[in-house]
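First up is the structure itself, then whatever we jot down about it.
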Amino acid sequence: MLLGTGNPPADPDRSGPATAIVVNDTPYLVDMGAGIVRRAKSAVVDRGVTGLDPVKLRHVFVTHLHSDHTVGFPDLLLTPWVLGRRFPLEVYGPTGIKAMSEHLLEAYRADFETRTKDRPLFTVGSFPEAHAVNAHEVQPGVVYKDANVTVTAFATKHAMESYGYRFETADRRIVITGDTNPTQATIDACQGCDVLIHEVLTNDWLGRRPDFRQYASRFHTTTTQLTELATKAKPGLLILYHASLSLRPAVDSERSTPAVLLGEMAPYPGRVVIGRDLDVY
Ligand SMILES: [Zn+2]
Ligand SMILES: [Zn+2]
C-alpha cells in the first residue's frame with residue numbers, strides 16, 4: 001500500500017514518502033513522510049485496508065533521516081496515541097534515530113503531561129505508556145522478524161547513512177529502496193523479488209536543473225540507471241516512487257509528467273508502473 005509517493009515539494013497530490021506492507025491485518029511502515037497518518041486513515045476509509053487504522057500503527061522502518069522521510073514522525077507518534085493506541089511506537093532506522101526520538105519526546109512533553117493528567121476528560125490518557133518510542137538503530141542484516149514477516153536492511157548510497165528494506169512474507173518478497181544511487185545491494189536484495197519500489201529522477205527534469213545534477217549523480221537514480229539496475233534485479237513489478245514528477249502543471253510545471261517518466265522507462269523490458277498515493281499492490 002503506497003501511502004505517500006512524493007518527495008520534498010509540498011505536492012497536494014503526493015504525500016511525503018511512506019509505504020505500508022500489510023500482512024494479516026498488521027501494518028509495517030517504511031518512512032514517515034508528511035501526511036502519513038491521514039493517508040493511513042484514507043487507506044481504511046477509501047480502500048478498505050483495515051490494517052491501517054491509525055491505532056494499529058506500531059512498526060516503522062526509516063530509510064534515512066532526511067526531513068522528507070521523517071517529518072511525519074511526531075504525527076505517527078502523537079496522533080494514534082491521542083486516538084487511543086495502546087502500545088509504544090517501535091522505530092527502526094539509521095544512527096541518529098534514537099536521538100531524534102528523545103528530542104521529540106522532550107519537544108512534546110507539555111502535551112504528554114497535560115493529556116495524561118486530564119485523563120478524566122480525554123480517552124487519550126488511558127494508555128500513558130503509549131506515547132513512548134522504542135528506537136532501534138539498525139545495521140545491514142535481519143532487523144526484525146515475527147510470524148508475518150522478516151525484515152532485512154541493506155546499505156544504500158545516499159547523502160547520509162541510509163538503508164533499503166526487504167520484506168519477506170509467506171507469499172511475497174518486497175524491496176523498498178528509499179533514496180539512493182544505484183547499488184549492487186539493491187540488486188542482491190531483490191534477485192527476482194515480487195515487487196521493487198525504487199526512487200527515480202527523470203533525465204528530462206535533470207536537464208532543467210543543472211544545479212542539482214552533480215548531487216543527483218552521487219545520491220539519486222536516473223531513469224537510465226534504473227532501467228539498467230532493474231534489468232539485473234528482475235522484479236516481478238517495478239514501482240516508481242519519490243520521482244521528479246508532477247501530476248498537474250498547476251502544482252509544478254518544471255517537473256516531468258507521468259507520460260515523460262514512463263517514456264524514459266520504455267527501454268526497460270519488465271513490468272513498470274508509476275506509484276500513486278493510496279495504490280494497493
Ligand atoms: Zn527523499
Ligand atoms: Zn534523501
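The values are calculated or read from the model by the stated rules, or taken from the named source; none is laboratory data. Computed from a prediction, not measured in an experiment: that's the story for all the values here. Ideal geometry is used to build each Cβ from the backbone, glycine not excepted, and the neighbour counts take in all protein chains shown. Remember, those area values only see protein heavy atoms, side chains included, never the ligands or the DNA or RNA. Shrake-Rupley method; radii C 1.70, N 1.55, O 1.52, S 1.80 Å.
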Requested in this report: Please give the number of the condition Thr95 fails out of (1) within 16 Å of ligand 2 (Cβ to nearest atom); (2) within 17 Å of Arg38 (Cα to Cα); (3) open to solvent by 20 Å² or more (accessible area, probe 1.4 Å).
Outcome: (2)
Report summary line: Scanning the stretch 244-257 residue by residue, the ones that are closer than 13 Å to Arg14 by Cα and surrounded by fewer than 21 Cβ atoms within 10 Å (Cβ to Cβ) total 4
Query raised in the report: What do you reckon, is Ala159 closer than 30 Å to Thr257 by Cβ, small (Gly, Ala, Ser) and surrounded by fewer than 18 Cβ atoms within 10 Å (Cβ to Cβ)?
Result: yes
Query raised in the report: Does the stretch 60-75 hold any residues that are more than 10 Å from ligand 2 (Cβ to nearest atom) and open to solvent by 20 Å² or more (accessible area, probe 1.4 Å), and which are they?
Result: Val71, Pro74, Asp75
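Only one of Tyr215, Tyr165 is among the aromatic types (Phe, Trp, Tyr) and within 30 Å of Ala147 (Cβ to Cβ); which?
Details: Tyr215 fails: within 30 Å of Ala147 (Cβ to Cβ).
Result: Tyr165 is the single residue among Tyr215, Tyr165 that is among the aromatic types (Phe, Trp, Tyr) and within 30 Å of Ala147 (Cβ to Cβ).
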Requested in this report: Being crowded, with 20+ Cβ neighbours inside 10 Å and either within 19 Å of Ala266 (Cβ to Cβ) or more than 16 Å from ligand 2 (Cβ to nearest atom) (or both) is the filter here, so list the residues in the stretch 228-243 that pass it.
Outcome: Leu229, Ala230, Ala233, Pro235, Leu238, Ile239, Leu240, Tyr241, Ala243
Report summary line: Selection over the stretch 174-224 where residues are away from ligand 2 (no atom under 16 Å from the Cβ), touching a residue at least 60 places away in the same chain (Cβ under 8 Å) and among the aliphatic types (A, V, I, L, M) yields a count of 3
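Considering only the stretch 12-35, state which residues are buried (at least 21 other Cβ atoms within 10 Å of the Cβ) and either on the phi > 0 side of the Ramachandran plot or within 16 Å of ligand 2 (Cβ to nearest atom) (or both). Step through it out loud before you land on a result.
Taking the stretch 12-35 as the starting set, the residues that turn out to be buried (at least 21 other Cβ atoms within 10 Å of the Cβ) are 14-21, 27-35.
If the condition is that a residue be buried (at least 21 other Cβ atoms within 10 Å of the Cβ) and either on the phi > 0 side of the Ramachandran plot or within 16 Å of ligand 2 (Cβ to nearest atom) (or both), then Arg14, Ser15, Gly16, Pro17, Ala18, Thr19, Val30, Asp31, Met32, Gly33, Ala34, Gly35 are the ones that fit.
Among Ala189, Ala216, Ala230, which is closer than 30 Å to Glu90 by Cα and aliphatic (A, V, I, L, M)? I'd like the intermediate steps shown before the answer.
Details: Ala216 fails: closer than 30 Å to Glu90 by Cα; Ala230 fails: closer than 30 Å to Glu90 by Cα.
Testing whether each residue is closer than 30 Å to Glu90 by Cα and aliphatic (A, V, I, L, M) leaves just Ala189.
Results for (1) modelled with pLDDT under 95; (2) of a type in the set (A, V, I, L, M); (3) surrounded by 15 or more Cβ atoms within 10 Å (Cβ to Cβ), shown as yes or no for each residue.
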position	(1), (2), (3)
Val138	no, yes, yes
Ala147	no, yes, no
Phe154	no, no, yes
Gly164	no, no, yes
Ile174	no, yes, yes
Asp179	no, no, yes
Asp204	no, no, yes
Query raised in the report: Applying the selection to the stretch 128-148, what residues are out of contact with any Pro (no Cβ under 9 Å at 6 or more places or on another chain), hydrophobic (A, V, I, L, M, F, W, C) and farther than 20 Å from Gly164 by Cβ?
Result: Ala147
